[in-house]
Structures are given as structure tokens and as C-alpha cells.
Amino acid sequence: MAESIPNSSLETSKASIPSNEELIDSLVSGLEETIMSDESEKVTNMSNTLKEASACKDSENECINLTSSENKVVEPELEQGEDSHGESSDKDLNIPSLEDDLVDELALKDLELTYTEEDRERLHKEAVVFKQTGNDLFKSAQYRESAHAYTQALRTCPLRYAKDRAIFYSNRAASKMKLELTESAIEDCTKALELDENYLKALYRRAQLYEVTDKLDEALVDYNQILKIDPLHKDAMYASKRLPSQIQERNEKLKTEMLGKLKDLGNLFLKPFGLSTENFQLSQDPNSGGYSVNFKS
């Protein structure tokens with residue numbers, strides 16, 4: 001027979017079981033306590049950090065002395081325009097590079113089709129200003145900057161002003177000569193002469209550049225062309241008399257070197273047969289200037 005539970009016990013049991021609302025309140029309360037505890041700890045840590053920073057600031061001299069006593073190496077901040085070796089780069093100093101001196105004349109030709117007469121005149125005036133700037137820079141020995149100014153003039157000036165463009169190319173060549181950019185200077189002189197074949201300064205500069213690079217034949221051609229334009233040009237007169245003997249001397253030297261190399265090569269092939277180039281006599285015909293080879297035992 002099942003025992004019956006007294007009513008008083010049931011009431012006590014029901015009173016001891018919390019309701020859903022009570023359970024939720026209990027959980028939320030515990031969570032809030034945890035969050036408040038974490039936040040309090042963060043605030044405490046932050047407060048300690050600020051106190052330490054304030055203490056270091058108040059004792060700044062002590063911090064510096066400590067760093068010095070530990071021999072700590074502090075890398076200096078580089079000034080703008082310096083590399084890791086303390087040298088200033090051309091780019092940061094706004095010194096233009098001569099690697100970018102291209103003048104795209106095909107693009108200029110296409111662009112010029114869109115110009116009005118007023119545009120051409122305005123651009124021509126702007127190019128002349130660039131040229132004058134280049135001249136001033138050249139006079140003050142700023143050759144790289146002057147070359148860049150002449151490049152700007154060439155990129156601005158309409159193609160119809162051929163003689164002006166010849167001057168810009170020739171002037172840029174003069175700047176490059178000072179910078180010892182010989183081959184590039186020769187190209188600029190050639191461009192100038194394509195625009196004005198009788199341009200004396202461009203001819204003279206190219207002749208000098210040819211001579212510096214041992215292109216004596218080309219230099220002589222330019223000097224002779226100068227004399228056709230100006231028969232009293234002293235440097236051209238002197239060069240036209242001096243260079244032929246230098247060219248002949250150079251050619252004789254080259255011929256001797258070539259014959260020596262051929263002799264060495266001949267001995268290499270003749271050695272297995274017990275012969276050498278000494279067994280052959282080379283004779284020059286005084287009339288034709290040709291050579292004949294005779295065998296001698």
C-alpha cells in the first residue's frame with residue numbers, strides 16, 4: 001500500500017524549487033558580476049600603465065641616462081632625400097634623369113594635327129622660354145638640368161619650327177658633352193643636322209665628338225663639310241690638314257696588327273707540315289698596291 005505524502009511536505013518541496021524567472025535572474029546576476037570584475041581589472045591595469053608612463057616622463061633625464069649606460073644604438077632618422085648611406089638621390093633633389101630624354105616626334109606629329117594656329121604660336125613661345133632657361137642653367141654649369149630644359153623645349157615646340165628644334169637638339173648635345181654622354185650627344189647633333197643640314201654649330205660639335213671617340217674618318221667628313229659652309233673656320237682648317245696623317249697612321253697600325261694575327265694563325269696551320277710563314281714571301285705590287293705570295297724553301 002503506497003504511503004501518502006503529507007500536504008505540509010509537498011508545500012515545503014514546492015517552495016524549495018525555484019521558478020524559471022528566479023533561475024534566469026540568478027544566471028544574469030552571476031554574469032553581471034563576472035563582467036564587472038573583468039572591467040574593473042582592465043581599468044586597474046590601465047591606471048597602473050598611465051602611472052608608469054607619468055613616472056617615466058617625470059624622470060626623463062634618468063631614462064636618457066639609462067639608455068646611454070646600456071650603450072643602446074639609436075638609428076638616426078634620415079633627412080628627406082638621403083639614402084641609407086647619407087647620400088642624396090637625384091630623384092629626391094628634383095634633379096632630372098637623362099635616361100628619359102626621348103622626344104616622340106611621331107606622337108608630336110599626330111598631336112599637331114589638332115592644333116590651331118594660335119596653339120602653335122603659343123607652344124612655340126613656351127618652347128623658347130624652356131630654351132632660355134636651359135641656356136641660363138648651362139651658363140651656371142648646371143648641365144643636367146639644362147639638358148632637361150632643352151628636352152622640355154623639344155617636347156613642346158611644334159614640328160613646323162624645324163630650325164628652332166635643330167637649335168634645341170644642338171644645345172642639348174652641348175650639355176651632354178659636358179656630362180661626357182658622348183654617344184647620346186652625337187645622336188642629338190645628328191638630329192639637329194637632319195632638321196638643318198648646314199647648321200654649323202651642330203656639325204662642329206659632332207666632328208669634335210667623332211674625334212674624341214676615334215671615329216676619325218667621320219670627323220674628317222664633318223670638318224670638310226664645315227669648310228664648305230665657312231672656308232675660314234680655323235679649327236676645321238687645322239683638322240682637315242691634321243686628320244689625314246692620323247688616319248693613315250692608324251690604318252697602318254691596324255694593318256700591322258692584322259698581319260701579325262694572320263701570321264700567327266698561318267704558323268698554327270703550317271706547323272704539322274714542318275713549315276711556317278717564314279717559308280712564304282709577301283710582296284706588294286707598287287703599281288696596283290696588291291700583294292702576292294711566293295714560296296721559298
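Ranked by the mean number of other Cβ atoms within 10 Å of their residues, highest first, the peptides 201-210, 223-232 fall in the order 201-210, 223-232. Per residue, region 176-243 exposes an accessible area of 57 Å² to a 1.4 Å probe, with every protein chain left in place. For region 128-207, the residue among L154, T133, L181 whose Cα projects farthest onto the positive side of the dipole built from Cβ charges is T133. If only the Cβ of Lys and Arg carry +1 and only the Cβ of Asp and Glu carry -1, the dipole of region 134-218 around its Cα centre is close to 420 debye. A crude spin-label estimate for the pair Y115 and S283, with each label 7 Å from Cα along the Cβ direction, gives 7.0 nm.
Beyond 32 Å in Cα-Cα separation lie the following of the pairs K178/K261; K139/K234; K125/K241; K163/K234; K201/K261: K178/K261; K125/K241; K201/K261.
The values are calculated or read from the model by the stated rules, or taken from the named source; none is laboratory data. In this text, all values refer to a predicted model and were calculated from it rather than measured experimentally. No Cβ is skipped: glycine too gets one built from the backbone with ideal geometry, and neighbour counts run over all protein chains shown. SASA here: full protein model, heavy atoms, side chains in, ligands and nucleic acids out. Shrake-Rupley method; radii C 1.70, N 1.55, O 1.52, S 1.80 Å.
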